[in-house]
Amino acid sequence: MRSPIPIYALALTSFALGTAEFAPNGQLSSVSDGFAVSVADAGLITTGFAIGATIGGPLIAAATLRVPHKRLTLVLVSVFLVANVVTAVSPGLLVAVLSRAVAGAVLGTFMGVAVTIASDLVAPARRGRAIALVFSGLTISNVLGVVIGNLAGNASGWRSVFWFVTGLALISLIGLLAVLPRQTGAAAGSSGSVGRALRTGRLWLTYGAMALAYAGLFTMFTYIEPMLQERGGASSGAVVWLLLVFGVGLVLGTHVAGHLADRSIRSTTVTAMIALVVALVAFSLLGTHLVAVVVLLPVLGAAGYGMVPPLQSFAVEIAEVTSPVVSALAAAAFMAGVSLGSAVGGEILRRGGGYEELPLVGAGLTVLGLLVFLSVDRLHGRATAAALLPRPVAELG
């Protein structure tokens, strides 16, 4: 059974947003030179994007809950397009970081709305695959978008990456205008059911697990370009193709995890997190060996992004409602992980730490995320079992 065409349009748009999110990671040295700042400070263009998605995404989703979904997505993509133009022409790091934060806020809101639309267009038994398809745009952007963007960046400078993203945004805008159905933003998820969901402590713990586990990957991946060059001895041209290897892994991981999540959310999540921890530790130990790097990069991509579909599905299961706010908060949690990871990695480097420390610290963060997830799953199981127990009948007087 094929997925509805609008889901593919949403995936195309997430491809554009994903390219904007990740392509700059391969150009940090160029950004550093262009703005005359350190590599750690150049990493703020990633941190700024993530903070925008973390804070701005849920706020915009909540404020636009009753806006028709088609109109909202068109406005969001238009703002995203303008934000990337501003980044491309920014005279200094501050303007670049601020415009990146705006673009990040768009991603956070858009992914929340997109997951809601995709979930509502399919049966619950196919929800994991629908979510995975929407996120496949983000993952494929790491294969095609990041590689093409970085090839352009290597040839014409880091600003050309954002002109490339601007073109992708324009194509996405046309696609959404053509095929996205009219949606009323006042779905069931906009009622008091959302408020009840947001008062559920288990839901917020789930968001915490998302952030911590994802931070583990981005503690090192934010700085993957200088790490590969300084530790692995890769040239700037080779880095692009190593990122392609990483991207292939995450595309496969997201696709497989989406199908497995429809069978078992819990086992899929736990397997992905454990695999990520093992791969991070191995990367720290073997990162100076290029062959090992080539083997480990796709595992890191598959495990890191394999967490996304099951955790998104888990959040919807706990919330017991599909809503842009619930999904935007999930996207914000992942972006909070990006922000946390990049900030932690940057602080390690500022304090004189070596690149080999980043994956080890990241592994520790992912372990924390796994422990939180297991605790939430146990609490959720108890709550579900208690809800199924028959209620006592009052004795007649």
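Think of the range 5-385 as having a plus end and a minus end, set by charges on the Cβ of Lys, Arg, Asp and Glu; of Leu358, Leu368, Leu297, Leu368 sits farthest toward the positive end of this dipole. Here the range 5-385 has an Rg and Dmax of 19.1, 59 Å, counting Cα atoms alone.
Taking θ as phi - 60° and the Karplus parameters 6.51, -1.76 and 1.60, the scalar couplings of the range 113-121 work out to 5, 5, 5, 5, 4, 4, 5, 6, 7 Hz in sequence order, x denoting glycine and proline. Once you order the gyration tensor axes a ≥ b ≥ c over the Cα atoms, which shape class does the range 234-304 get: rounded for a/c under 1.5, otherwise prolate or oblate by comparing a/b with b/c? Here the range 234-304 falls in the oblate category. Per-peptide packing, taken as the mean over residues of other Cβ atoms within 10 Å, places 207-219, 308-320 in the sequence 207-219, 308-320 from highest down.
Among Ala330, Ala61, Ala275, the residue with the largest mean-square fluctuation in a Gaussian network model of the chain, with springs joining Cα atoms closer than 10 Å, is Ala275. Here His255, His289 are placed in order of increasing Cβ neighbour count within 10 Å, fewest first, which gives His289, His255. Between Gly34, Gly92, Gly287, the Gaussian network model of the chain with springs among Cα atoms under 10 angstrom shows the greatest mean-square fluctuation at Gly92. Relative to the Cα centre, the charge distribution of the chain, modelled as +1 at Lys and Arg Cβ and -1 at Asp and Glu Cβ, gives a dipole magnitude of about 1020 debye.
Here Glu317 and Leu371 are evaluated by their C-beta separation; at R0 = 22 Å the FRET efficiency comes out at 0.65.
Phi angles of the range 5-19 translate, via the Karplus equation with coefficients 6.51, -1.76, 1.60 and θ = phi - 60°, into HN-Hα couplings of 4, x, 5, 5, 5, 5, 5, 4, 5, 5, 4, 5, 5, x, 4 Hz per residue; Gly and Pro are given as x. The sum of -39500 (n - 2.57) across all DSSP H runs of n ≥ 4, divided by the residue count of the chain, sets its helix-only mean residue ellipticity at 222 nm to -26000 deg cm²/dmol.
Bear in mind that the values in this text are calculations on the coordinates, not laboratory data. Fair warning: this is a prediction, and the values are worked out from it, not measured in the lab. Reconstructed Cβ throughout: ideal geometry from the backbone, glycine too, with neighbour counts over all protein chains shown.
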